[in-house]
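Down below is the structure, laid out as structure tokens.
Values quoted throughout were computed directly from the atomic coordinates according to the rules given, and no laboratory measurement underlies them. Nothing here was measured: the structure is a model prediction, and the numbers come from that model. For neighbour counting, all protein chains shown are included, and Cβ atoms are generated from backbone atoms with ideal geometry for every residue, glycine included.
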Amino acid sequence: MTPATANKDGSQEDLPRHLAIIMDGNGRWAKARGQARVQGHRRGVDAARRATTLCGEAGIPYLTLFAFSSENWRRPDEEVRFLTQLLALSLEKELGRLHENGVRLNIIGDPASFGRNLAKTIDRAVEKTSSNTNLTLTIALNYGARQELVTAARLLAESCVAKELTPEAISEADLERVLNTRGLPDPDLLIRTGGEVRLSNFLLWQLAYTELVFTDVLWPDFDETIFWEAIAAYQGRQRRFGQIGEQVESQSGIG
Ligand code: IPE
Ligand code: IPE
Ligand code: MG
């Protein structure tokens, strides 16, 4: 993996620093082929590998993948069991390659609920890759943004009880410090595959000013073309953060 930062056409301009992806549509991909849903999840792992490689090659330093939501426990036991095993096997299989490519693995959510086997695999992978600096790959496992915010509220309340903080002094930075994503920049671009136009409880705080790209492409079909189409859509947006367009243009030296 080359550390160069470049668009597909070789230009360096305006890549997202943090790309987040809601990887949706595995089940429908399989169904359309007359296969069991789990086959879609298998192919979904290949797509996750492609996304990681593409970010590494482009020089995007943060990639966050939504792999399992707090609400996905509502699925049949058999599918949850399959996903748990697939996650553990895939992580073991990919670990060597991730490490060679300078990828640092980070987990958000509550992966302990998946059992000891996956927890051990995760601990080993996070530990082994902890000094890598090319790409921080965050996988959201048993993650829900509302649960994250409730936990954050509890932690801040505890700090107040312990007199480390006063309620009126609580700042955005204090809240960010108690989120799962502490230390990560907010996503610049979110891609959701699979045709649904919703956030499904993903990174509700962090996505406040993120550019959103929704595509009907099902996750197992995610490839280089879709990746660069989403980046091009991002590059065509004007991020105003509440300002008016002329202000943003004069700051960027375009206007
Ligand atoms: C996304 O694909 C993977 C997970 C949520 C684990 P789905 O399994 O949601 O696929 P669809 O949306 O049913 O097609
Ligand atoms: C969102 O997909 C969660 C992940 C991709 C892990 P879902 O398939 O669970 O979302 P809903 O249920 O359609 O909102
Ligand atoms: Mg889905």
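Taking the chain as a Gaussian network of alpha-carbon nodes connected by springs under 10 Å, the highest mean-square fluctuation of the residues Ala30, Ala48, Ala173 belongs to Ala173.
For the chain, the relative contact order is 26 percent, taking Cα pairs closer than 8 Å that sit 6 or more residues apart in sequence and dividing their mean separation by the residue count. Under a model in which nothing but the beta-carbon of Lys, Arg (+1) and Asp, Glu (-1) is charged, the chain shows a dipole of about 940 debye around its Cα centre.
Where only DSSP H runs of four or more residues are counted, the chain gives -13500 deg cm²/dmol as its mean residue ellipticity at 222 nm, each run worth -39500 (n - 2.57).
Using 0.36 nm times the number of residues separating Ala153 and Ser252, minus their current alpha carbon distance, what extension gain do you get?
Details: separation 99, 0.36 × 99 = 35.64 nm, distance 3.68 nm.
Fully extending the segment from Ala153 to Ser252 adds 32.0 nm.
Label-to-label distance, Arg239 versus Glu164, with points set 7 angstrom from Cα along the beta-carbon direction: 3.0 nm. Listed by chain and number, the aspartates and glutamates whose alpha-carbon sits under 17 Å from that of Lys128, ignoring those within fewer than 8 places in the same chain, are Glu92, Glu94, Glu100.
How big is the Kirkwood radius of the range 58-164, worked out from every pair of different alpha carbons and given in Å to one decimal?
Details: mean 1/r = 0.0656 Å⁻¹.
The Cα-based Kirkwood calculation yields 15.2 Å.
The value of relative contact order for the range 141-255, using C-alpha pairs under 8 Å at least six residues apart, is 22 percent.
Ordering Trp73, Trp228 from the fewest to the most neighbouring beta carbons within 10 Å gives Trp73, Trp228.
Divide, for the chain, the radius of gyration over alpha carbons by 2.2 N^0.38 Å, where N is the residue count.
Working: Rg = 19.1 Å, N = 255, 2.2 N^0.38 = 18.1 Å.
Rounded to two decimals, the normalised Rg is 1.06.
Of all lysines in the structure, those lying under 30 Å Cα to Cα from Lys8, and not within fewer than 8 positions of it along the same chain, are Lys93. Measuring between their Cα centroids, the range 101-123 and the range 165-227 lie 20 Å from each other. For Lys8 and Ala119, the difference between the fully extended length at 0.36 nm per residue and the C-alpha to C-alpha distance is 36.3 nm.
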